[in-house]
Amino acid sequence: MTDNTDVLVDAQGVKVHFPIRRGVIFDKTIGHVYAVDGVDLQIRRGETYGLVGESGCGKSTLGRAILNLEPPTEGSVTFDGVDIAALKGEALRKKRQDIQMVFQDPLSSLDPRQSVESLLFEGMKAHGLAKNAKEARPRLVELLNAVGLPEAALLKYPHEFSGGQRQRIGIARALSVNPKLIVADEPVSALDVSVQAQVVNLLEDLQEEFGLTYLVVAHDLAVVRHISDRIGVMYLGAIAEEAAADDLYATPLHPYTRALMSAVPVPDPVVEDRREQILLTGDLPSPSRPPAGCRFHTRCPWRQETKCDTERPVLRIPEIPGVGEGHRVACHWTEQIQSGEIQPHEVAPTITDASDLGAVDESLMGPASISEAL
Amino acid sequence: MTTTTPRDTNPMDATPTDTSNVADRDKARRWQQGGSEPLLKVRDLRVTFQRQGQEPFEAVQGVSFDVHPGQTVGLVGESGCGKSVTSLAIMGLLPARGNKVTGTVDYEGTNLLDLSDQQMRDKRGKDIAMVFQDPLSSLNPVIPIGLQVTEVLERHRGMSRKAATPVARDLLDRVGIPDPDRRLKDYPHQLSGGMRQRALIAIALACQPRLLIADEPTTALDVTIQAQILALLKELVEDTGTALVMITHDLGVVAGLCDEVNVLYGGRIVERGERHDLFAQPRHPYTHGLLASIPRLDAPRGQRLNPIPGSVSDNLPWTSACAFAPRCSQPIEVCTQKMPELVEQHQRALRCFNPVEANR
Ligand SMILES: Nc1ncnc2c1ncn2[C@@H]1O[C@H](COP(=O)(O)OP(=O)(O)OP(=O)(O)O)[C@@H](O)[C@H]1O
Ligand SMILES: Nc1ncnc2c1ncn2[C@@H]1O[C@H](COP(=O)(O)OP(=O)(O)O)[C@@H](O)[C@H]1O
Ligand code: SF4
Ligand code: SF4
Ligand SMILES: [Mg+2]
Ligand SMILES: [Mg+2]
């Protein structure tokens, strides 16, 4: 599939492992957080690929690995036919221009001391698209127009805007360098419900207008389903299921996807009263100690005596008649679950010691703790 | 909602704490027929924050609602609309300085706002309990969770430590914490977010409250964990007859859980109704707009969302207008001239001069 010119991003076997360090000056590695642990993923030109999954499953880390902001421990990411990791200097800078990022919290990702004009101009200058703000002015006004803000916004500062408007500024900034791909990490989750829809619609309009490709990372399945053409469902660092948005909703195959879908509340009492819910038991395991075999086996209601605990299932096209094209699932027993041959059973809840996660947090403290230790 | 297999250890298994509020359960049936007296009557609740050197800011501007025994009442609205301040005012938990609270919070004939700090502390232990969004900050980090439960039992139910321990164990079991004997000794930081929220619910239940106020109890949790906690709350309410005030920004959560729903905007209730009726026929343009703007998992794809324009920063002051007017899809002249009052009609309360047409 790599030679397909339709594919803009091709990630192969991507792993991102963070070392957990302990000891006086953190010289001892006592384990790893397997944040991303073997992901193959292709994003086609002009499509929106949505990544969903619960907190800590590695969505953001995978997004960052695709941007090469987090160099993969293993595997490769090809962007527009070029291996990003191999790029240096000018070539890397040029590629970076093609991939822009939109963040969850617009306030913390925008420098509060910079006016909107300088925020938008900054990237253009860095990529040699304009020499001074005056020359860039028509383009800046055009950008603001595109995201639905008045020209007067140029002279204001981020704190003078509402959350939704700040997200518009963040999007305008990403657009300012004419990117091909926008990686949006939780672009609407910090926004009020009534404002989320404005930003979702804006992203859709801009995609059409500028022929953009999106990778949208979010935990809200309803938002992801609405905005995406294809969706990857992540669980503990790996993709459990991948399908066209409609197929995923119509025929969720992986037990985790089924549980996830059935857990999303729908703002309709009639649906809520009728709904069959698959309640998962227990906690999400720590990504520093992922279960062997199928990572979902500690919570899976369909887990079997054989294979599940010992063999890691690969993402594959299941042998189920009528299943949509490109629908892939990482479960040993998909066919049997779908046919009803295997029935769900009770699961004894397992609990995850949060201190496992605590170890991760400590390692995140990094430099501050090192200086303390010294 | 029907729950298929699998599920947690059944929190409804008979435990020594099961005897609570049987009378309330019967009363609960009565309010459904419109008979019972409210357990809690909030009337014209106002909270004004007085910040140094700044204009006073009225975060809650005259909120009134009832909660009947066994009833689940929802307060929904976007961030900053006054949900948390309302609940903190009811619980007497607002900071002692810098704010003014007026109106009445009538709990079975007593105005909670008149109680001394000590009296309020007793009420909070015995009759009313609260669960917050962030369980870590509401649990004591240096005390094992088992001890935090037994302390409540000792203080409010007069049990000895020895008698309280098995009850605490049963409470942890009942809220679905696996291996409760072992978990009694765990500190909050050793538990995941979902387990911490369960522990907090166990502490809240320890005093067999007749009213539980839950402020965004699942907002910080993942959706599969949220489903577990919501199922737990629902079962507890059905089993014990505890009244529940559910505060959330998520209309989906409300749709599945609440008997009656209050929609807040800018510190005031703008619409109230029975959940089926309200969702089937939202009459306030804000409620209507909210429902139209949310992407639904079960909606046909390819449909464009219908956002509410602007943001809360465009609000007008309620004193002289409808605060929502600048964002409303169907304002009329009077909307910017005076404030619409909350009018009750046919099981619905509505604050609007030009409501959305009822289509039946
Ligand atoms: N720089 C880092 N060092 C160590 N561990 C990290 C680092 N960044 C992320 N992690 C860990 O990797 C795992 C995956 O993190 P990631 O941020 O990708 O999750 P996510 O799916 O985006 O979650 P969320 O929905 O909470 O944003 C988590 O356990 C996280 O704690
Ligand atoms: N201690 C406080 N001092 C001043 N203003 C406050 C305080 N607590 C809340 N507010 C303000 O009151 C309003 C309502 O807040 P809150 O009830 O927390 O909203 P929410 O509906 O999101 O729970 C907000 O504008 C908030 O900024
Ligand atoms: S492989 Fe086994 S444990 Fe994993 S999802 Fe399939 S049935 Fe469940
Ligand atoms: S009172 Fe007027 S402005 Fe306010 S919601 Fe009703 S119609 Fe809209
Ligand atoms: Mg993330
Ligand atoms: Mg709040």
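Summary of computed values
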{"quantity": "Which of A:Thr29, A:Ala11, A:Tyr235, positive extreme of dipole for chain A (C-beta unit charges)", "calculated": "A:Thr29"}
{"quantity": "Extent along principal axes [Cα atoms of segment A:104-171; Å; largest to smallest]", "calculated": "30, 21, 18"}
{"quantity": "Overall dimensions of segment B:67-131 by Cα: Rg and Dmax, Å", "calculated": "12.4, 35"}
{"quantity": "A:Lys125 accessible area, 1.4 Å probe, all protein chains in place, Å² to nearest 10", "calculated": "120 Å²"}
{"quantity": "Percent accessible area from carbon and sulfur atoms, segment B:147-306, protein chains only, probe 1.4 Å", "calculated": "48 percent"}
{"quantity": "For B:Lys338, distant residues with modelled amide H under 5 Å away", "calculated": "B:Cys322"}
{"quantity": "Listed pairs A:Lys95/A:Lys134; A:Lys95/A:Lys131; A:Lys88/A:Lys134; A:Lys307/B:Lys234; B:Lys162/B:Lys234 exceeding 29 Å between Cα atoms", "calculated": "A:Lys88/A:Lys134; A:Lys307/B:Lys234; B:Lys162/B:Lys234"}
{"quantity": "Where a label projected 7 Å from the Cα of B:Arg46 along Cα→Cβ would reach, residues of segment B:95-136 with amide N under 17 Å", "calculated": "B:98-105, B:113-114"}
{"quantity": "Karplus 3J(HN,Hα) series, Hz, for segment B:301-316 with 6.51 cos²θ - 1.76 cosθ + 1.60 (x for Gly, Pro)", "calculated": "7, x, 7, 7, 6, 10, x, 7, x, x, 8, 4, 5, 8, 3, 8"}
{"quantity": "Net charge of neighbours whose Cβ lies under 11 Å from the Cβ of A:Ser55, counting Lys and Arg as +1 and Asp and Glu as -1", "calculated": "-2"}
{"quantity": "Using a Förster distance of 30 Å, the FRET efficiency for B:Glu108-B:Gln347 (Cβ separation, nearest 0.05)", "calculated": "0.80"}
{"quantity": "Distance histogram for chain A (every C-alpha pair counted, 20 angstrom bins, percent rounded to whole numbers)", "calculated": "26, 55, 18, 0"}
{"quantity": "Spatial extent of segment A:1-107: Rg and Dmax, with the Cα atoms as the point set, Å", "calculated": "15.4, 51"}
{"quantity": "Pairwise label distance in nanometres, A:Glu74 with A:Gln304, each label 7 Å out on the Cα-Cβ vector", "calculated": "2.6 nm"}
{"quantity": "Long-range HN-HN contacts of A:Ile20 with modeled amide H, under 5 Å", "calculated": "A:Ile30, A:Gly31, A:His32, A:Val33"}
{"quantity": "Principal-axis tilt of helix B:161-174 within chain B, Cα atoms, nearest 10 degrees", "calculated": "50 degrees"}
{"quantity": "A:Gly50 long-range amide H proximity, modeled H, under 5 Å", "calculated": "A:Val216, A:Asp229, A:Arg230, A:Ile231, A:Gly232"}
{"quantity": "Within chain A, helix-based [θ] at 222 nm, where runs of 4 or more DSSP H residues each add -39,500 (n - 2.57), nearest 500", "calculated": "-10000 deg cm²/dmol"}
{"quantity": "Per-residue average of Cβ from other chains inside 10 Å of A:278-289", "calculated": "5"}
{"quantity": "Calculated P(r) tail over 14 Å for segment B:136-208, as whole % of Cα pairs", "calculated": "50 percent"}
{"quantity": "Percent of C-alpha pairs per 5 Å bin, segment A:195-334, short to long", "calculated": "2, 9, 16, 19, 19, 16, 10, 6, 3, 1, 0"}
{"quantity": "Cα-centre dipole for chain A with unit charges at Cβ (Lys and Arg positive, Asp and Glu negative), debye to 20", "calculated": "1200 debye"}
{"quantity": "Ranked by how many other beta carbons lie within 10 Å on average, peptides B:92-100, A:265-273, A:300-308 from highest", "calculated": "A:265-273, A:300-308, B:92-100"}
{"quantity": "Distance histogram in 10 Å bins (all Cα pairs of the protein assembly as shown, percent per bin)", "calculated": "3, 13, 22, 25, 21, 12, 4, 0"}
{"quantity": "At R0 = 25 Å, FRET efficiency that the Cβ-Cβ distance of B:Ala163 and B:Gln118 yields, to 0.05", "calculated": "0.50"}
{"quantity": "Per-residue average of Cβ from other chains inside 10 Å of A:54-65", "calculated": "1"}
{"quantity": "Whole-Å semi-axes of the ellipsoid equivalent to segment A:263-346 (Cα gyration tensor, √5λ, descending)", "calculated": "24, 20, 13"}
{"quantity": "Inter-part distance where segment A:59-133 and segment B:287-319 are each reduced to a Cα centre, Å", "calculated": "32 Å"}
{"quantity": "Per residue solvent-accessible surface (Å²) - the protein assembly as shown, probe of 1.4 Å", "calculated": "42 Å²"}
{"quantity": "Karplus-derived HN-Hα couplings along segment A:106-112 (A = 6.51, B = -1.76, C = 1.60, θ = phi - 60°), whole Hz, x at Gly and Pro", "calculated": "x, 6, 7, 9, 10, 5, x"}
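The values are calculated or read from the model by the stated rules, or taken from the named source; none is laboratory data. The structure presented is a predicted model; accordingly, all values stated were derived computationally and were not measured. Don't worry about glycine lacking a Cβ; one is built from the backbone with ideal geometry, like all the others, and counts go over all protein chains shown. Surface accessibility is based on the protein's heavy atoms, side chains included, excluding ligands, DNA and RNA. Shrake-Rupley method; radii C 1.70, N 1.55, O 1.52, S 1.80 Å.
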